[in-house]
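Reading through the structure tokens given below for one structure.
The values are calculated or read from the model by the stated rules, or taken from the named source; none is laboratory data. Computed from a prediction, not measured in an experiment: that's the story for all the values here. Quick reminder, even Gly has a Cβ in these numbers, built from the backbone with ideal geometry, and neighbours come from all protein chains shown.
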Amino acid sequence: MKANSSTPEEAAEKHLRYAKRRNAKTIILFGAGSGTLGKVLAEKKSSEQELIICDLYPEHIRMLNKGGFGEINKNENYTLLTDSSIWALLLLLSQNGYETTDSHLILNPELDGQSKNKHQNLQKLFSGTKQIDPPEHASPCKISAAAILSPDEPELADFITNFPDWIDEIVLVWDCADLTPVPQLGKFHRAEIINVCHHLEADFSAQRNRMLENCSGDWIIYLDADERLSKESWDTTRLMTSFKGCNGWYLPRMTFYPDREHCRIGYGLWPDLQLRLFRNSPSLKFVNKIHEQLTGINGASGILTNCPIQHLTHLLKSRKMIESKLEKFNSSTGGNFSHQLGNEFPHLANKFVIPRNDWKLSPLLLPDINMA
């Protein structure tokens, strides 16, 4: 412990008193530190209280476990959450019913430097995020769906039919010089389909901006050819266009691997938040040739936690097709870095990252805080 600070036992007893005074059902410790404070809290808390330790350094937790930290699992009502992604821990807490109203939050006093800053940001993010009720009725606004595509993408008919009937127009920007190789997709959807042809030229932002220029809807939602949404997710996105307090919504993305029952996870592979639903505005612009980012959204943003994008790339595409796409990415970096396809990805059963059945999952409105 730092000089002139309390012992782990004293700190634990102090926080347990605070938690009891607030009738807090859950104690959330941000940052494991040496592991001592977490162990003491686990030993001294009541059996009715739940202890959750959140840590953003998985390699640190592995080291602590080698020293016996893992024995804390023997304690009742204890959960350890660790991932290098601050968003993964936020969603795991939120979609499993944890809220600040009935939780006592502790920033581990042992932390310093970057570790303290990162865990403090996680605490601020969790504290400032608000769960909101979706509107009961969808607004009569016009909604444009959009995508940038290659004519040789697999399952394009299935991709188009995944868009619901209430979509007003579908804007497709094709990586080709003219309409000759473009498949005829109009017969698969009632909406007007606007086809635009322009070679990608290793500039994904430019292609996305062509997509924006052709969208006339009040709101825009875009997907890639290997992505799908469930009917329930589509219904929610439509409702959220009626919510006045937010102009841009992030959707979590589940990349299925090696099958539909598992998804990639760890080190940012989940929730892989994607800003895909947003109010149309002249200020919108994509930047960066690769890993393009949307700028120009004014006002608050949020997360539709119950609308996961189903990312099918490993199920629809061969390894050769994925490597070909990575080559396009690499040509956009100017030699600064390259993407390589590994032979294996960390993955977990989907049941560990989907919301629990007894919890009504609500959209999250994000706080305006500096995450630097």
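Structure notes:
- If you check GLU99, GLU76, GLU59, GLU43 for being within 14 Å of GLY266 (Cα to Cα) and surrounded by fewer than 17 Cβ atoms within 10 Å (Cβ to Cβ), only one passes: GLU59.
- Of all residues in region 168-214 being part of a strand (DSSP E or B) and not hydrophobic (A, V, I, L, M, F, W, C), the one that is surrounded by the fewest Cβ atoms within 10 Å (Cβ to Cβ): GLU192
- Single condition THR100 does not satisfy, out of (1) without any contact (Cβ under 8 Å) to a residue 40 or more places away in the chain; (2) over 21 Å from GLY302 (Cα atoms); (3) outside the structural domain of PRO308 (by TED's automatic domain parsing): (2)
- Number of the condition not met by SER150 [criteria: (1) free of Cβ contacts under 8 Å to residues at least 60 places away in the same chain; (2) of a type in the set (Ser, Thr, Tyr); (3) surrounded by 13 or more Cβ atoms within 10 Å (Cβ to Cβ)]: (1)
- Restricting attention to region 21-56 and to residues that are charged (D, E, K, R) and in contact with a Ser or Thr (Cβ under 8 Å, 6 or more places away or on another chain), the residue that is nearest to ASN117 (Cα to Cα) turns out to be ASP55.
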